[in-house]
Amino acid sequence: MPNQAKLLIAASGTGGHLFPAIATAEQLSQVEIEWLGVPDRLETRLVPDCYPLHTIAVEGFQQRFGLSTLRIFGRLVHSIWQVRQLLQRGQFQGVFTTGGYIAAPAILAARSLGLPAILHESNAFPGKVTRLLSPFCNTVALGFEAAADRLPKAQTQWVGTPVRSPFLQPVADLPALSLPVPDNVPLIVVVGGSQGAVAVNQLVRQSAPVWLEQGAWIVHLTGDNDPNTKELVHPQYLALPFFENMAGLLRRATLAVSRSGAGTLTELAIARLPSILIPYPYAADDHQTFNAQVFAAAGAAHLYQQADLTADILQHQVSELLQHPERLQQMAEAASQLAIADSAQQLAIVIERSLLLRS
């Protein structure tokens with residue numbers, strides 16, 4: 001870009017919102033970036049070392065109208081005013097957001113000033129803010145192509161969902177796993193999302209003895225909220241609250257048992273990893289089920305609703321797949337077809353074009 005533009009990125013809360021935004025920011029080398037977040041959320045730990053961080057107090061609307069709704073609406077109006085002042089004072093040329101509560105004041109403030117707003121929606125079923133405010137955005141970039149059907153009034157472009165840079169590095173360049181897993185054994189990785197998944201953890205612990213007897217190893221990422229993490233003890237079973245080198249772990253794995261958040265699914269696709277998907281049943285608009293359906297329809301995953309899944313069913317399905325490597329290979333190929341490795345670069349181009357049009 002001939003003259004360096006200035007962009008405000010509004011991304012807050014969970015890794016699903018933050019990691020795609022950070023991956024995209026890393027591709028905007030010719031753009032000056034500042035960040036908009038919420039106090040006491042994940043961005044206060046991840047962002048300040050890289051970009052100036054501004055925070056506002058904003059939260060989502062409740063399902064039922066009441067006094068709390070009026071309070072939240074008043075806070076939203078105030079936050080729009082705050083962001084508008086920030087955009088003017090900082091002489092920003094546009095806003096990029098990855099959705100969630102923070103997106104509403106960012107988009108509305110930008111449009112009130114005639115600035116471009118670019119929104120990335122990672123889920124197959126767009127979130128509430130995306131559905132309401134997508135018509136006000138210059139472009140809505142999509143993680144799942146199917147989401148376009150639910151945004152008929154928006155200018156959409158399918159770019160996939162950006163992943164953290166280690167997922168795009170050659171395996172040889174990644175850090176060693178630092179786990180005592182032999183090289184030539186099947187490895188099952190259990191991923192409950194950033195907070196873990198106690199219900200999935202219980203099903204896995206009940207099913208695991210059969211898999212261990214088959215010679216598999218299990219790396220079980222339990223999260224921090226499971227009181228029964230020491231219930232199963234076995235030399236081939238490794239229970240960890242989280243694991244830093246997820247790129248290396250997923251690319252070493254044979255099969256994943258996982259929730260179906262958009263970010264996790266993107267990482268599974270980039271890693272060419274077959275999966276058993278168990279959507280979080282209380283996700284907003286059941287969006288994890290819509291995400292998982294895309295992978296199941298493509299042949300990359302088997303989908304089970306948590307209410308219908310028993311330990312016997314899970315144990316049998318995983319055992320069957322471990323006994324048929326050719327099926328796992330077919331699923332891996334299908335997963336790779338869902339991956340857009342240059343998603344962050346594509347999204348950066350969308351943003352830069354919008355800023356150029358403004359300048």
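Computed from the coordinates by the stated procedures, all read-outs in this text should not be read as laboratory data. It should be emphasised that the depicted structure is a prediction, and the values quoted were computed from it without experimental measurement. Ideal geometry is used to build each Cβ from the backbone, glycine not excepted, and the neighbour counts take in all protein chains shown.
Computed extension length for D40-Q4: 9.9 nm, one decimal, from 0.36 nm per residue of separation with the Cα-Cα distance subtracted.
Among the lysines, select those whose C-alpha is under 27 Å from the C-alpha of K6, and discard any that sit fewer than 8 residues away in the same chain. Leaving aside lysines fewer than 8 places away in the same chain, none come within reach of K6.
Ordering T266, T310, T98 from the fewest to the most neighbouring beta carbons within 10 Å gives T310, T266, T98. Measuring r between the beta carbons of L179 and A307 and using R0 = 30 Å, the FRET efficiency lands at 0.35. A Gaussian network model of the chain, with springs between Cα atoms under 10 Å, assigns the largest mean-square fluctuation among A176, A292, A339 to A176. A straight Cα-to-Cα reach below 20 Å connects K128 with the lysines K153, residues fewer than 8 places away in its own chain not being considered. Coupling constants for segment 219-233 follow from the phi torsions by the Karplus curve (6.51 cos²θ - 1.76 cosθ + 1.60, θ = phi - 60°), and in residue order they are 10, 10, 8, 8, x, 9, 10, 9, x, 10, 5, 9, 5, 10, 10 Hz; glycine and proline get x.
Since only I313, A296, L265 are under comparison, the one whose Cα sits farthest along the positive direction of the charge dipole of segment 255-321, derived from C-beta charges on Lys, Arg, Asp and Glu, is L265. Summary of packing: across the peptides 276-284, 215-223, the per-residue average of other C-beta atoms within 10 Å ranks them, highest first, as 215-223, 276-284. Amide H contacts of H54: W35, L36, G37, each under 5 Å away and 5 or more positions distant or on a separate chain (H built 1.01 Å from N in the peptide plane; Pro and chain starts excluded).
Once R0 is set to 30 Å, what does the formula 1/(1 + (r/R0)^6) return for the Cβ-Cβ distance between S112 and C50, expressed as a FRET efficiency to the nearest 0.05? E between S112 and C50, to the nearest 0.05, is 0.60.
When the chain is described by a simple charge dipole with +1 on each Lys and Arg Cβ and -1 on each Asp and Glu Cβ, the residue from F19, F92, T254 located farthest towards its positive end is F92. The residues neighbouring D285, those whose beta-carbon lies less than 11 Å from its own, together hold a net charge of +2 under the Lys/Arg +1, Asp/Glu -1 convention.
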